[in-house]
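Chemist: Structure in structure tokens, see below.
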Amino acid sequence: MVRKTPGHGRHLSYYDFGRTTVQACQSDPRFSYCAYIPESYEEDGQQQYPLLVVVHGTLRNIESYRETFIPLAERCQLILLVPLFPAGITAPGELNSYKFLRAGDLRYDLVLLDMVAEMRAKYRVAGDRFSLFGFSGGGHFAHRMLYAQPQALDAVSVGAPGIVTLLNDSFDYWVGTRDFATHFGRPVDVDALRRVSIQTVVGGDDTDTWEIAVPRESRLWMPGADAMGATRIDRIHALGRSLEEHRIPVRRDIVPGVAHSHAGVASAVEDFFTDHYTRSRRGAKAETGVLP
């Protein structure tokens, strides 16, 4: 359905429909988010909409990420939430703290959960879990969010992270998960991970290493940092293997002819989420006795 007049409601304004304005997160206004609300959404309607969170890379071009997945949102009738984690939060010029979920007392995973709660208070979001896609820096965030908050997630697509945290208790965090509870208050719940649909995705030509190398003189270097290969392709394969070794199924996609581009891998990401939402809706109909 195409809305013929500006979407005003009793509680929602024109800027709360379609491509929404950027809102400050009420629990921590240092962070903000925009959204996309499908054309069919009416404030007084009954339909509920799954929520897909799309997390930006280091450039933080959130409008581009939103625009890329609007066709998916309309086709699958879901709401997009695109958070903005600005640079310079922990120090002038700092770019990367959100990728590792924690910086001192700041927990980026909890900030995202607060944003999701705000969306649930405003819109009819289906279910008690949401889906997550992140690319590059967002791919860092997505798989670590999966470890930290698996109970909140139903599907996660991890796109081309520069460095990965392996599900491996031979190494400390960030390389592995041996001391994960020290950083996040609880160990990784492997059983909960098995209930999440997981995709890893990377371009077949995504082989540059200039930005992602971790030499011994790097402040990021720690034992095991050289255990995952040199390229984003190597590293996302290492991540997938570490999950599969714990009997966690992973759909692995390499998109031919694509370098480091979220738009370039979008077709594979859309295919993964379309399949996920189709299966989820069929399951929900089967549970109620109404088969598709």
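Chemist: Just the residues that are touching a Leu at 6+ places or on another chain (Cβ under 6 Å) and surrounded by fewer than 22 Cβ atoms within 10 Å (Cβ to Cβ), please, taken from the range 79-105.
Modeler: Ala87
Chemist: In the range 12-28, is there at least one residue being closer than 22 Å to Leu146 by Cβ and in a strand (DSSP E or B)?
Modeler: Looking for residues that are closer than 22 Å to Leu146 by Cβ and in a strand (DSSP E or B), one finds none in the range 12-28, hence no.
Chemist: Another question about this same structure. Can you tell me which residues in the range 161-172 are crowded, with 16+ Cβ neighbours inside 10 Å and closer than 20 Å to Ile236 by Cβ?
Modeler: If the condition is that a residue be crowded, with 16+ Cβ neighbours inside 10 Å and closer than 20 Å to Ile236 by Cβ, then Pro161, Gly162, Ile163, Val164, Thr165, Leu166, Leu167, Asn168, Phe171 are the ones that fit.
Chemist: Given the options Val158, Val188, Val175, name the one that is farther than 24 Å from Asp253 by Cα and either at pLDDT 95 or above or crowded, with 16+ Cβ neighbours inside 10 Å (or both). Steps first, please.
Modeler: Details: Val158 fails: farther than 24 Å from Asp253 by Cα; Val175 fails: farther than 24 Å from Asp253 by Cα.
From the options Val158, Val188, Val175, the qualifying one is Val188.
Chemist: Sticking with this structure for a sec: Does at least one position in the range 68-85 carry a residue that is assigned to a loop (DSSP other than H, G, I, E, B), hydrophobic (A, V, I, L, M, F, W, C), closer than 22 Å to His260 by Cα and in contact (Cβ under 8 Å) with a residue 12 or more places away in the chain? It would help to see each step written out before you state the result.
Modeler: Step one: filter the range 68-85 for residues assigned to a loop (DSSP other than H, G, I, E, B), giving 77-78, 85.
Those left that are additionally hydrophobic (A, V, I, L, M, F, W, C): 78, 85.
In the following step, the residues that additionally are closer than 22 Å to His260 by Cα were identified as 85.
Add one more test, that the residue is in contact (Cβ under 8 Å) with a residue 12 or more places away in the chain, and what stays is 85.
For the range 68-85, residues assigned to a loop (DSSP other than H, G, I, E, B), hydrophobic (A, V, I, L, M, F, W, C), closer than 22 Å to His260 by Cα and in contact (Cβ under 8 Å) with a residue 12 or more places away in the chain: present.
Chemist: Pairs under 8 Å by beta carbon, first residue free of Cβ contacts under 8 Å to residues at least 40 places away in the same chain and within 18 Å of Phe180 (Cβ to Cβ) in the range 98-115, partner charged (D, E, K, R) and surrounded by fewer than 24 Cβ atoms within 10 Å (Cβ to Cβ), six or more apart or different chains?
Modeler: Tyr108/Arg102
Chemist: Asp205 is checked against (1) among the charged types (D, E, K, R); (2) closer than 27 Å to Leu153 by Cβ; (3) surrounded by fewer than 17 Cβ atoms within 10 Å (Cβ to Cβ) and fails just one. What number does that condition carry?
Modeler: (2)
Chemist: Is at least one residue of the range 109-118 out of contact with any Leu (no Cβ under 7 Å at 6 or more places or on another chain), assigned to a helix (DSSP H, G or I) and charged (D, E, K, R)?
Modeler: Looking through the range 109-118, at least one residue is out of contact with any Leu (no Cβ under 7 Å at 6 or more places or on another chain), assigned to a helix (DSSP H, G or I) and charged (D, E, K, R).
The values are calculated or read from the model by the stated rules, or taken from the named source; none is laboratory data. Small disclaimer: the values here were computed from a predicted structure and weren't measured. Glycine also receives a Cβ, built like all others from the backbone with ideal geometry; neighbour counts cover every protein chain displayed.
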